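Encoded as C-alpha cells, the structure appears first; notes follow it.
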Amino acid sequence: MLNRRSRRTAPTVLGGLLLMSLTATACAGTDTTDNGAAAKLTDDDIPAFTFALPSQPPGYDKATSTQPVVTGSFMSLVTEPLERVAPNGSYTPALAEKVVQPDPRTIVYKLRSGVKFSDGEPLTAEDVAWSLTHTATPPAQTSASVRGFSSAKVTGNLEVTVKLSAAVPTARAGLAGATLVQEKKFAAAHASKLGTSAAIPVGTGPYEVTSANASGVTLTRRDGYWGSRPKVKKLNLKVITDDNSAQLAMRSGDVDMRVLTNVKSAPQWRAVPGTHVYSAASDTVNFLAMDVTKAPFDDVHVRRAVAYATDIPGLVKAAWGGEATPLKGFLPAKNLAGVADGNEAAQKFLDSLPSHAIDLKKAKAELAKSGHADGFSTTIAYIDTVPATKVLALSLQQNLKTLGIDVTVKSVTLNAWSAKFYEHKLTGISLAFGFTTSGTDPASLLGSAVGKENIGPQKVNIANFTTPEVEKALPVVNTAGTDATRWDATQTLLTQIADQVPYVPLAAQDFLMAVGKGFASSTGKVTVDDYFDGRWALNLRATQAE
Amino acid sequence: MVAAFVLRRLGAGILLLLTLSFLVFCLLALSPGTPLQALLGTRPASPELVDSLNARYHLNDPFLVQYGRWLAGVCALDFGQSISVQSDAPVGQILSERMALTLQLGGYALVLILLVGIPLGMLAGIRRGRRTDRAISAGATVAISAPAFVLAIVLLYVFGVALKWFPVYGTGTGFAERVSHLTLPAVALATVLSGILVRQTRAAMLTAMSQDYITFARLRGLSPGRVLVRYALRNAALPVVTSLGLILVAALTSTLFIEQVFSLPGIGTLLLAAVTNNDVPVVQGAVLVLGASVILTNLAVDLLGLALDPRTRFAVKDGA
C-alpha cells in the first residue's frame, strides 16, 4: 500500500512513466522494417500523400517568396521549370525542349509545343520571356542568384533568347534552378497580389493548387498535362512546426514525408516503423571565417592555429550525428567536377591540398609563431535555431581554451546573424553555416567568397580575403571560358584558401528526407535537387504490401 | 452609470492599445535583425535587390514616419500587408483566419476549465483537510507545475499515436472534426490552467463556508444543495470570476506552446513567426488583437463582478 507521501507523488510518477515509454518507443529501432530502396514498387495510383512542412509557405510565387526553396519544392509541380539540373551538372528538358548557347552571353530556349496552362490557355514564348524577366530582375528574391542577366526576348514562335551582360558560367544553371514558368496574363491581372493565396500563379505542371490556407496546401493532379502523369492524385502539404509532433504524426500514419531540419534526429525517424530516411550528400557547406584584416586574425599563424584546433571528425559526429561529409577544401568535389574533368580529378586535387587536421600540438606551435603567443580573447556566435552551430561553437571554445585563447560563445537569432553578415559586420570567429552552392561549377560560391570585388555590404567575402594570386585567378573563375583554364584558376583559389586559412572548411551537411510506410522513391534516392525542383513527388511510388 | 463606466474603460483601453503599439514598434526597431534581412535570408543579394525591397516596403523611411503610416492605416481599418511571413497578404485577413482558431481553442478550453475547475475546487473547499481535498490540491499543483509542451507531447503520444482516439495534428473541417482536432490541445491547455481555478475556488469556498450566514442557513434546515449553490457559491463567485479573467489572459500566452506542438495555425504561432522574421505589420496587428482581447476580457470580468456583487455597483456610482 502506498503511504501518504507516495500517494501525493503518484501523478508525477505517472507522468514520468508516460515520458519514459515515449522515449523508449522513440529509441526502439531494432524491430522496424525499412521500406526504402529494397521495397517492391508498384505502378498503382496513390490517392493521397501527406508532406509535413515545417512552416507555412510564405508565398506561392518562387521568384518573390522569402523562402524560394520551400515554395519551389511544391510550386515546381504547378509552375514548371524550363529545364532541370542533375547533381552531376547534366540538364533534363522540361518546358524547354532544347537549350543552346551560341556564345557565352546568349542562351536560346526552344520551347515544347502543344503545352497548355491549367486554365486551358496555350503556353507561349511571351509567357516564358515574362517569367524569366520576373525571376531575374529585382524585386524578385531570386534575382541575385541569376548573375549577369540582361534581357529575355521572344525571338521566334516558340523561342526565347536570354542576353547576358557578362559571360557568367553559372547563368544557365542559375536560370534553370530559379525560373518557374507562369501565365503572363494571370500575373498581369493580379500584379499586386501575385504569389499570395488570393492569386496563386497559373502553370503548366501536373498539379494545380486546389486549396491554400494557414493549415497547409493541397495540390490536385490535373488532366491534360503534357508529360507523364505522376502517381499521387492528391498531395497534401500540412504545416507541422514541431519536429516531435511531426514524428508522432508519421508514427500514427497521418504524415508520409518530412525533410529533416535537424539531421541529428535521423535515428529517431529511422525508428518509426516502415519509415525510410533517404540520405544524400548536399551542396550545403559550413565553414569558419576569420577577418584577415583585423587583429588577431590578420596573422596567418593564428588562423592556422584555429584550424588545427578544429576537430572536424568529432564535429561531424557531435553536431550532425554523422550525417555530414567532412570537407577537404572550401568546396565539395562535386561542385568542382564541371571544370575539373570529373569528380575523381576534383577529389584528387582536394586531397592534395595542405591539411589542417586536428592536432593541438601543431596548433600550439602555430600560435607560438604568431604575435599572440600568449593567447587572446575572441567571440563566436551560434544561431539559436540551428542546433549544430551551438555544438560547433562550444567544441571550438573548449579546444581553443587549451591554447590560451578565451572564446566567448554568444547565442543570436538567424535574422540578427544574417543582418550582420550582409552588413559585413561579423566579428571574431564567424560560423558560416548552410551555404548552398549549386551545380558542378565552382563560380557560384568560390567565385563570391574571395577577392576585392566580393568585399562590402551584401557580399559574401566576410573574411575580407584577397591576395595578388586571388585577384588574378578570380575573374577567370567567374567568366565563362575553357574548362582547363578555369580549373587552373579554381585550383589557385582553393590553394590560397587552404594555405592562408581565411576560412576553415568544416563539412557538407547531408540532405535527409523521411518517407513513411507504403511509399518509396522510384530512383531509390531523394537528392536535394530532387527536393528543390519537385522531382521528389514525380518519383513517388506505392510499395507492395507485405 | 454603468454605460459611463464602460465608455470610460473603453477610452482608457484605446489609449492603452496606442501606447502598446508604439512600445512594440520601438522594441522591434531596437531588436537585432531587420525586416530586410528576413526578406533576404542568407541568400545572395545584389544592391539593386536591396534598394528595390527597401522602396517596396518603405524600410528606409524614418522611424516615426513608418509608425505614422502604420497608424494612419489602422485608423482606416487597414492593418497593412505582411512583409515576410505571408509576403504581400493583407494582415487583417491573416489575423482573422488565425484568431478564429485561437478563440475556438480558448473557448473549448474555458468550458473544460469551468466544468472541471469549479466543481473540484468546491469539493476541495467543502472537504477541507480530508483525503479528497488533499488529492485535488495535489492534482492542481501538478497541473500548474507541468510544462504545457511536455503535457502536450504526452497527450499526443498516448491519445493520438498509441490509442488513436484523436488526430495528431491539424484543424479538420466541419464542426465535429474541428471539435475532435481541438480536444487534445484544449485538454492540455485546460489541465495547466484549471489548476489555478481549482486553488482559487477552493480558497473562496473555504472563506464562504466559514461565514455566519452559512451556519445560520444550515441551522434553518435548508438543503445542503441550496446552501452550497445559493449561499456559498454565489458569495465565492467574485474572486473566482476575477481569477477566470486572469486565466483567460494566461491562456493567450499558453496557446503559443500548445499551438506549436499541435501544429495549429492560430495567433500564437503567427506571432512567433512574425517576431522571428521581424514582420512588423503582422506583429503590430497581432499585438493589437491580443491587447484588445485582454482589455475586453478584463472589462467583461468587471461587468460580471458588478452583476454578481451589488457592493461593487456602489463603488462604480461613487466614481471608482
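The values are calculated or read from the model by the stated rules, or taken from the named source; none is laboratory data. The structure displayed is predicted, hence computed values, not measured ones. In this analysis, Cβ positions are derived from the backbone assuming ideal geometry, glycine residues included, and neighbour counts consider all displayed protein chains. The accessibility values were calculated without ligands, DNA or RNA, using every heavy atom of the protein model including side chains. Shrake-Rupley method; radii C 1.70, N 1.55, O 1.52, S 1.80 Å.
The table that follows gives values for the structure above.
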quantity	calculated
Amide H within-cut-off set for A:Thr155, under 5 Å, with H built and near neighbours excluded	A:Val160, A:Thr161
Two-site label geometry, A:Lys233 and A:Ala188: point separation in nm, points 7 Å out along Cα→Cβ	3.8
Accessible surface of chain A, 1.4 Å probe, proportion on carbon and sulfur as whole %	53
Mean Cα-pair separation over length for chain B, i.e. relative contact order, pairs under 8 Å, 6 or more apart, %	26
Out-of-range pairs (alpha-carbon distance over 24 Å; input A:Lys116/A:Lys234; A:Lys369/A:Lys401; A:Lys369/A:Lys420)	A:Lys369/A:Lys420
Sequence-distant residues sharing a close amide H with A:Phe519 (under 5 Å, placed H)	A:Thr543
Sequence-distant residues sharing a close amide H with A:Ile358 (under 5 Å, placed H)	A:Ile312
Mean residue ellipticity (222 nm) of chain A, computed from DSSP H runs ≥ 4 via -39,500 (n - 2.57), nearest 500	-9500 deg cm²/dmol
Value in Å of the Kirkwood radius, where the stretch A:63-102 supplies the Cα pairs that are averaged	11.5
Paired Rg and Dmax values of chain B, which use every Cα atom, in angstrom	23.9, 87
Solution diffusion estimate, µm²/s, Stokes-Einstein, the protein assembly as shown, Kirkwood Rh from C-alpha pairs, 10 °C, viscosity 1.306 mPa s	53
Estimated 222 nm signal from helices in chain B, with DSSP H stretches of n ≥ 4 weighted -39500 (n - 2.57), rounded to 500	-25000 deg cm²/dmol
For the stretch A:185-247 versus the stretch A:119-161, the gap between their alpha-carbon centres in whole angstrom	21
Accessible area in the full protein assembly, largest first, 1.4 Å probe, for A:Phe421, A:Phe349	A:Phe349, A:Phe421
Relative contact order of chain A, defined on C-alpha pairs under 8 angstrom at six or more residues apart (%)	21
Chain B: DSSP helices with Cα axial extent of at least 24 Å and average Kyte-Doolittle hydropathy no lower than 1.0	B:2-30, B:91-126, B:234-261, B:280-308
With all protein chains modelled, accessible area of B:Thr297 [1.4 Å, Å²]	30
DSSP bridge orientation in chain A - percent antiparallel, rounded to nearest 5	75
Estimated FRET transfer efficiency (A:Thr408, B:Phe22; beta-carbon r; R0 41 Å; 0.05)	0.75
Under the span-like rule (Cα at least 24 Å along the axis, Kyte-Doolittle mean at least -0.5), DSSP H helices of chain A	A:4-27
Part-to-part distance (alpha-carbon centres) for the stretch A:300-349 and the stretch B:34-109, which is given in Å	40
Backbone HN-Hα couplings from phi across the stretch A:439-454 [Karplus 6.51/-1.76/1.60, Hz, Gly and Pro as x]	x, 10, 9, x, 4, 4, 9, 4, x, 10, 9, 9, x, 4, 5, 9
Alpha-carbon centroid distance for the pair the stretch A:45-81 / the stretch A:445-518, whole angstrom	30
Length-normalised contact order for the stretch A:283-509 - Cα pairs under 8 Å, 6+ apart - percent	35
Pairwise FRET efficiency - B:Ala176 versus A:Glu121, Cβ, R0 = 30 Å, nearest 0.05	0.15
Anchor A:Lys233: aspartates and glutamates whose Cα lies under 20 Å away (excluding residues fewer than 8 positions away in-chain)	A:Asp43, A:Asp44, A:Asp45, A:Glu80, A:Asp119, A:Glu208, A:Asp223, A:Asp254, A:Asp256, A:Asp530, A:Asp533
